[in-house]
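The block underneath contains the structure these notes are about, expressed in C-alpha cells.
The values are calculated or read from the model by the stated rules, or taken from the named source; none is laboratory data. The structure displayed is predicted, hence computed values, not measured ones. So basically every Cβ, Gly included, is an ideal-geometry build from the backbone, and we count neighbours across all protein chains shown.
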C-alpha cells in the first residue's frame, strides 16, 4: 500500500481499508484460480492497483454514472475504481466464469455494493447502457471502439462526453492507426504522473463515443 499512499494521499479510512485488503484477497484467490500472473502477484499494488487508479489522475466520474469494465479478468481495473468511486455503478464482465466468480467474491468480501460481475463475452453484451466503457489489456483499440459504441448512453452527465477509456501500452501509435481518421481520441501518458519505470510506456486512451 505504500506506493498507493505515495500518489493518493486523500484516501478515506474506508478506501484505505478496502485497498489494503486487496493483497490478501487476491493472494488467496490466486492460489485457487489464476487471475493474476503468479510471478506478478507480489507486484499487485504497483502493476495492477496503481495502474488501475491512474485513471483518477486524468478523469473523474460523477455520482450516478454507470461504467462497464470489458474483459475484466480478476476485476482490475473495475474493483479498485469502484473503491474510489462509491457512488458510481460498475458492471464487470468477462467470458470466463471462474474469473467472474473471483470478482464477485472479492466485491462481496469488501462489501462493494456498487460492483456487479457478469459472465458475458464483450461482443455479446448489448442489453445495458453506460456512460463509459473501460478496458485493460483486452484487445486492439478498433475492436474495443466497435464493442463500446453499442453500450454507450446518448445522454452525457460527466464533464467529458461518454466514451471508451482504454489502458494501453507498447506500440500505441501503430495501434491508433487502426481507427478511422474521424475518431476523436486523446492519449495520456501515465509516466507523467508516476515515477516508476513500469509506467514508461503505459497510456490511457480516451475515444469519444
Does residue 180 qualify as being over 17 Å from the mean Cα position of the chain (by Cα) and more than 30 Å from residue 43 (Cβ to Cβ)?
yes
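Given the options 153, 168, name the one that is in contact with a strand residue (DSSP E or B) (Cβ under 7 Å, 6 or more places away or on another chain), surrounded by 13 or more Cβ atoms within 10 Å (Cβ to Cβ), more than 18 Å from residue 202 (Cα to Cα) and at pLDDT 95 or above. Don't jump to the end; show me each part of the working.
Values: 168 fails: more than 18 Å from residue 202 (Cα to Cα).
Exactly one of 153, 168 is in contact with a strand residue (DSSP E or B) (Cβ under 7 Å, 6 or more places away or on another chain), surrounded by 13 or more Cβ atoms within 10 Å (Cβ to Cβ), more than 18 Å from residue 202 (Cα to Cα) and at pLDDT 95 or above, namely 153.
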Identify, by number, the condition in (1) within 17 Å of the chain's Cα centre (by Cα); (2) over 23 Å from residue 199 (Cα atoms) that residue 13 doesn't meet.
(1)
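Surrounded by fewer than 16 Cβ atoms within 10 Å (Cβ to Cβ), in contact (Cβ under 8 Å) with a residue 24 or more places away in the chain and not in a strand (DSSP E or B): does that describe residue 161? If you could, list the steps in order and put the result at the bottom.
Working: surrounded by fewer than 16 Cβ atoms within 10 Å (Cβ to Cβ): yes; in contact (Cβ under 8 Å) with a residue 24 or more places away in the chain: yes; not in a strand (DSSP E or B): yes.
When the stated conditions are applied, residue 161 passes them.
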Given the criteria closer than 30 Å to residue 40 by Cβ, within 16 Å of the chain's Cα centre (by Cα), in a strand (DSSP E or B) and touching a residue at least 12 places away in the same chain (Cβ under 8 Å), does residue 205 qualify?
yes
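So in the range 112-128, with the set limited to residues that are touching a helix residue (DSSP H, G or I) at 6+ places or on another chain (Cβ under 7 Å), outside any loop (DSSP other than H, G, I, E, B) and modelled with pLDDT of 90 or more, which one is farthest from residue 143 (Cα to Cα)?
So the first thing to find is which residues in the range 112-128 are touching a helix residue (DSSP H, G or I) at 6+ places or on another chain (Cβ under 7 Å), and the list is 112, 114-115, 117-119, 122-123.
Among the residues that remain, those that are also outside any loop (DSSP other than H, G, I, E, B) are: 115, 117-119, 122-123.
Retained after the next criterion (residues that are modelled with pLDDT of 90 or more): 115, 117-119.
Details: 115: 25, 117: 22, 118: 20, 119: 19 Å.
Out of the qualifying residues, it is 115.
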Quick check: anything in the range 18-29 within 22 Å of residue 98 (Cβ to Cβ), touching a helix residue (DSSP H, G or I) at 6+ places or on another chain (Cβ under 9 Å) and either free of Cβ contacts under 8 Å to residues at least 12 places away in the same chain or assigned to a loop (DSSP other than H, G, I, E, B) (or both)?
no
